[in-house]
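Here the structure is laid out as structure tokens; the discussion comes afterwards.
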Amino acid sequence: SYSDQLAGRDDSNDRPGPLLRALRLIEADPSANLGLEQLALQAGCSCRSLQRYFAQHVGMAPRDYVERIKLAGAHEDLRRESPATATVTSVAHRWGFEHVSRFAGVYRRRYGQTPSKTLRQSP
């Protein structure tokens, strides 16, 4: 689970069941396009409750958490893959980012460099 690492704490024993179910859903397939309503329905709670659980126990909104997980996965792929066989577009799409320019902007804010630079630096 990335949630503890992202939030910088380990309070998984205190987390409500719906939150744990939502986290598992997100982490099982981060590239899936899970909206708040779908997450709440599958987690077995209201949208407001899920938002509150994320704020209290993860420290961010569900959408922000999903984006962080997806960005972390894309970042790892860009670091690992060869520029001869991968492109920023292919990695962005693999992780569910439909708009490559938006992905590049979010990526740069998070990692301090463009995704293409990360890819060029990979082994």
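Can you tell which of R80, R52, R94, R63 is surrounded by fewer than 17 Cβ atoms within 10 Å (Cβ to Cβ), farther than 22 Å from R109 by Cβ and of a type in the set (K, R)?
Details: R80 fails: farther than 22 Å from R109 by Cβ; R94 fails: farther than 22 Å from R109 by Cβ; R63 fails: farther than 22 Å from R109 by Cβ.
Testing whether each residue is surrounded by fewer than 17 Cβ atoms within 10 Å (Cβ to Cβ), farther than 22 Å from R109 by Cβ and of a type in the set (K, R) leaves just R52.
Can you tell me which residues in the stretch 97-112 are open to solvent by less than 40 Å² (accessible area, probe 1.4 Å) and out of contact with any helix residue (DSSP H, G or I) (no Cβ under 6 Å at 6 or more places or on another chain)?
G105, V106
Tell me whether the stretch 8-15 contains one or more residues that are open to solvent by 30 Å² or more (accessible area, probe 1.4 Å), part of a helix (DSSP H, G or I) and modelled with pLDDT of 95 or more.
No.
All but one of (1) over 27 Å from L20 (Cα atoms); (2) out of contact with any helix residue (DSSP H, G or I) (no Cβ under 6 Å at 6 or more places or on another chain) hold for T89, so report the exception by its number.
Among (1) over 27 Å from L20 (Cα atoms); (2) out of contact with any helix residue (DSSP H, G or I) (no Cβ under 6 Å at 6 or more places or on another chain), T89 violates only (2).
So which residues in the stretch 28-49 are under 22 Å from A92 (Cα atoms) and either surrounded by fewer than 15 Cβ atoms within 10 Å (Cβ to Cβ) or of a type in the set (S, T, Y) (or both)?
Hits for the stretch 28-49 are A28, D29, S31, A32, N33, G35.
Would you mind finding the one in S90, S46, S82 that is among the hydroxyl-bearing types (S, T, Y) and touching a residue at least 12 places away in the same chain (Cβ under 8 Å)? Steps first, answer last, please.
Numbers: S90 fails: touching a residue at least 12 places away in the same chain (Cβ under 8 Å); S46 fails: touching a residue at least 12 places away in the same chain (Cβ under 8 Å).
Result: S82 is the single residue among S90, S46, S82 that is among the hydroxyl-bearing types (S, T, Y) and touching a residue at least 12 places away in the same chain (Cβ under 8 Å).
The values are calculated or read from the model by the stated rules, or taken from the named source; none is laboratory data. Since this is a predicted model, take the numbers as computed values, not measurements. We place every Cβ from the backbone using ideal geometry, glycine too, and count neighbours over all the protein chains shown. Note: areas computed on protein heavy atoms with side chains; ligands, DNA, RNA excluded. Shrake-Rupley method; radii C 1.70, N 1.55, O 1.52, S 1.80 Å.
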